[in-house]
1. Please compute the contact order of the chain in relative form: average sequence separation of alpha-carbon pairs under 8 Å and at least six residues apart, divided by the residue count, as a percent.
2. Find which of Gly130, Pro174, Met193 sits farthest along the positive direction of the dipole of the stretch 122-196, computed with +1 on the beta-carbon of Lys and Arg, -1 on that of Asp and Glu, about the Cα centre.
3. Pull out a ≥ b ≥ c, the square roots of the eigenvalues of the alpha-carbon gyration tensor of the chain, then state rounded if a/c is under 1.5, prolate if not and a/b is larger than b/c, and oblate in the remaining case.
4. When the Karplus curve 6.51 cos²θ - 1.76 cosθ + 1.60 is applied with θ = phi - 60°, which whole-Hz ³J(HN,Hα) does each residue of the stretch 180-192 get, with x for Gly and Pro?
5. Using θ = phi - 60° and the Karplus relation 6.51 cos²θ - 1.76 cosθ + 1.60, list the HN-Hα couplings for the stretch 224-232 in order, rounded to whole Hz, with x at every Gly or Pro.
6. Given points 7 Å out from each Cα along the Cα-Cβ axis, report the Leu253 to Glu383 separation in nanometres with one decimal.
7. Which ³J(HN,Hα) values in Hz, rounded to whole numbers, follow from the phi angles of the stretch 21-32 under the Karplus curve 6.51 cos²θ - 1.76 cosθ + 1.60, where θ = phi - 60° and Gly and Pro get x?
8. Which whole-number percent is the relative contact order of the stretch 40-128 (Cα, under 8 Å, 6+ apart)?
Amino acid sequence: MSGAQFGMIGLAVMGENLARNVEDHGFTVAVWNRESTKTDQFMAASAGKKFVAAKTLEEFVQSLERPRKIMMMIKAGAPVDQTIERLQPLLEDGDIIIDGGNSWFKDTQERTARLESTGLHFVGSGVSGGEEGARFGPSLMPGGSEHAWNSIKPIFEAIAAKSDSGACVAHVGPDGAGHFVKMVHNGIEYGDMQLIAEAYEVLRKVLGAGADELAEIFGEWNRGPLESFLIEITAHIFRVKDDDGTALVDRVLDKAGQKGTGKWTAQVALDLAVPIPTIAAAIDARVLSSMKDERVMASRVLGGDKPAPFSGDRKQFISDVHDALYASKVCSYAQGMALIQAGSREWKWNIDMREMARIWKAGCIIRAKFLDTIMRAYERNRELPNLLLDEAFSKSVLAAQPAWRRAIANAQNGGIAVPAMSGSLAYFDAWRSEHLPQNLTQAQRDYFGSHTYQRNDKGTDAPFIHTDWANK
């Protein structure tokens, strides 16, 4: 066996689909799976295709041309290290191992340093788009050395999703940069999904909108500034019926799962002192949703949301919720992009923010029309500290502000939880505020803990002083 140009380890859904995507684009692909029966099944369904099956890792490695390009699509954590440990003795200087799972970026940093010290290359690559994206074109976020990127670039550019701005792949930066960006991408995705769920909840409970009307509303929204993959599939979900004609979404238990990348985003944001209240609210909402038994009990003791019958302008209310969703979404993206910039500064990755918006335009879960606007914002100012400072976004959010506040007020008056929308609005109000009440917080800290403070009439670089407040 010889000559395979790419290797895939792991033939679960994502690995299988990516392998088929690579082969579709003219490359011979070697495949290996821990359970050989899966490899046999894969090959049985691949007659006439350019795949090379291997029963052992030794056969797999021998089947690849140099420098070897091996991608792992396996469970993050210990399985990645175990596979690397088995692979490493079989490889030679210049060979490349690619981890396409959702690995913790600091693990990727450690693995990169360890493997590069032995002459091997390691790429931690975000892969977004789910099963369909893997098969027909994902958004790819590879980190690692320039040398490794140049080696895998022809294959990654071939298999990536394509938008009017090119292939949805870019070299993100060294070591863990790719997995860091994918982690934040997932955090933005959490925020997006929660904001959409809150818009749905408000329309359902305040207006009494049923699935058919909701399908029409979200379908219409998908033809405007909210156009995105998530809005598109939401409209479709509302149209799907159960066997008895009931909207299937109404039969889905209200407990949302999570795989950990959202939680990592919140943890890193705290470490880097970057506020991400919309994303954090989305994580909390999923945790609260999992507490179904407690929520049922609480609803019986405390009463649930029971909005009064709606008597206002229905069309205006729908428009208000649209604008609230849009403005909240802008804030969510602003938080995520600010976090990527902070990570780039902390670990000296030099991430091109325009490129991050560009490669999310197709293939990935958060693909959306206004990523074009984000691209243009970073073209105008490569070092833009926050999307809300860009003229296009500042104008649109300020224009949406009255509707945004009305929608949230209506929800809160009806006892409907909208934590992500509220978090976005609080972020907007606090971030644009010249004066915040933390002067009192700092005075309290100085009172009980002698933590000192700076006087605001002595300049921003004023010395830290302490006051004996109790004896004043």
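The values are calculated or read from the model by the stated rules, or taken from the named source; none is laboratory data. Values in this document were obtained by computation on a predicted structure and should not be read as measured data. Cβ: placed from backbone, ideal geometry, glycine included. Neighbour counts: every protein chain shown. Heavy atoms of the whole protein, side chains included, go into the accessibility calculation; ligands, DNA and RNA do not. Shrake-Rupley method; radii C 1.70, N 1.55, O 1.52, S 1.80 Å.
1. Over the chain, the number comes to 13 percent.
2. Most positive-ward Cα: Pro174.
3. Verdict is oblate for the chain.
4. Karplus values, whole Hz, x for Gly and Pro: 5, 5, 5, 4, 5, 3, 5, x, 4, 4, 4, x, 4.
5. Karplus values, whole Hz, x for Gly and Pro: x, x, 8, 3, 6, 4, 5, 5, 4.
6. Distance between label points: 5.2 nm.
7. Once rounded to whole Hz, the list reads 4, 4, 5, 4, 9, x, 9, 7, 10, 8, 10, 8.
8. Across the stretch 40-128, relative contact order equals 26 percent.
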